[in-house]
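The values are calculated or read from the model by the stated rules, or taken from the named source; none is laboratory data. Quick caveat, the model's predicted, so the values are computed rather than measured. Ideal geometry is used to build each Cβ from the backbone, glycine not excepted, and the neighbour counts take in all protein chains shown. For accessibility, only protein heavy atoms count, side chains too; no ligands or nucleic acids. Shrake-Rupley method; radii C 1.70, N 1.55, O 1.52, S 1.80 Å.
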Amino acid sequence: MYAILGGSGLAKLSVLQNIRRQVMRTPYGEPSGALTLGTLAGREVVFLARHGYGHTLPPHEINYRANVWALKEIGARGVIAVASVGGIRDDFGPGTLVVPHQIIDYTHGRKHTLFSGAEAAVVHVDFTQPYAPRMRALLLDAARRCDETAVDGAVYACTQGPRLETAAEIERIARDGGDLVGMTGMPEAALAREADLDYAALCVVVNHAAGRGSSKDEIKLAELDEVLRATIQRAVRIVECAVGATS
Ligand code: HPA
C-alpha cells in the first residue's frame with residue numbers, strides 16, 4: 001500500500017473511493033489528523049493531510065515523526081509527498097511540477113529523528129540519495145503516461161518558515177545549489193528513510209522564490225492560492241497514474 005502525504009492545496013483527496021478514517025496513536029504524539037484509507041485507481045492507499053484537514057498546522061509545528069510512524073504502522077511501504085514550493089531556477093516558474101532528487105536542510109529545532117531518548121539505539125541511516133529512485137521513477141513514468149510534464153531532478157532546499165525567505169537568503173541557497181525552496185520536505189524525508197519507507201516528492205511550484213522573476217520585489221501571496229488551485233489537479237492526476245501502475 002502507498003501513502004500520499006498532501007500539502008497545501010491538497011488537504012482532501014476527493015478522487016478517493018470507499019473512504020474510511022483511522023485514528024492512530026503513536027509514541028511521538030498525534031499525527032496531523034486521522035488517516036484516510038480508500039481506493040485510488042483501484043488500489044488501496046492511505047492519505048494524510050500534512051497541515052491537518054483544516055490546514056491548521058504551520059510547517060514548523062507539524063508532528064513529522066507521528067505522521068511517518070502512523071503511515072508505517074498502518075502498512076504503507078512507500079510515500080508520495082505532494083508539496084508546494086517556490087522556484088529558484090529561472091525555468092521553475094509558477095505551475096511547474098518537479099520531482100526533486102536531492103535535499104539541503106536549512107531547518108532547525110524540529111524533532112528530526114525516530115531514534116532519540118534514553119532507550120533509543122544509536123542509528124545512522126544512509127541518506128546519500130534522499131528520495132527513493134524507484135519512487136521517483138514511478139512518478140516520472142506516471143507523468144509521461146498521463147501526458148503531464150514533470151521535471152526530473154532538482155535540489156530541494158528546506159527552510160524553517162513560516163515566513164518566506166529574504167532575497168539574500170534565496171541568493172545564498174542558489175549558490176549552495178538549491179533549485180526549489182519549501183518548508184516541509186525535512187525532516188519528513190529523513191524520517192521516512194529511518195522508518196524504511198520509500199519516499200519521493202512531487203513539488204508544485206506556486207511562486208518564483210523571493211527576489212526572482214515576478215517575485216523580484218515581493219511575493220504576492222494572494223496569487224499563490226490561484227496557482228495552486230490551477231496546478232494541484234495535474235499533480236493529483238500524476239499521483240493517480242502512479243498508484244494505478246503499482247501492484
Ligand atoms: N519559500 C518557501 N516555501 C514555499 C515557497 C517559498 O517561496 N512557496 C511555497 N512554499
Scanning the range 215-244 for residues that are in contact (Cβ under 8 Å) with a residue 60 or more places away in the chain and either open to solvent by 80 Å² or more (accessible area, probe 1.4 Å) or of a type in the set (Ser, Thr, Tyr) (or both) gives SER215, GLU223, ASP225, ARG229, THR231, ARG237
A careful count of residues in the range 183-205 that are near the ligand (Cβ under 10 Å from one of its atoms) and either within 12 Å of VAL82 (Cβ to Cβ) or in contact with a Lys or Arg (Cβ under 6 Å, 6 or more places away or on another chain) (or both) gives 4
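Is it the case, given these coordinates, that ARG237 is at pLDDT below 95 and either in a strand (DSSP E or B) or not aliphatic (A, V, I, L, M) (or both)?
Numbers: at pLDDT below 95: no; either in a strand (DSSP E or B) or not aliphatic (A, V, I, L, M) (or both): yes.
No, not satisfied.
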Of PRO94, PRO100, the only residue that is open to solvent by 50 Å² or more (accessible area, probe 1.4 Å), within 16 Å of the ligand (Cβ to nearest atom) and farther than 12 Å from LEU48 by Cα is PRO94
VAL23 passes all but one of the listed conditions (1) under 21 Å from ALA235 (Cα atoms); (2) modelled with pLDDT of 95 or more; (3) among the β-branched types (Val, Ile, Thr); the exception is number (1)
Within the range 183-214, of all residues that are open to solvent by 10 Å² or more (accessible area, probe 1.4 Å) and part of a helix (DSSP H, G or I), the one nearest to ASN63 (Cα to Cα) is ALA190
Expected single match for within 16 Å of the ligand (Cβ to nearest atom) and open to solvent by 70 Å² or more (accessible area, probe 1.4 Å) among ARG110, ARG89, ARG134 is ARG89
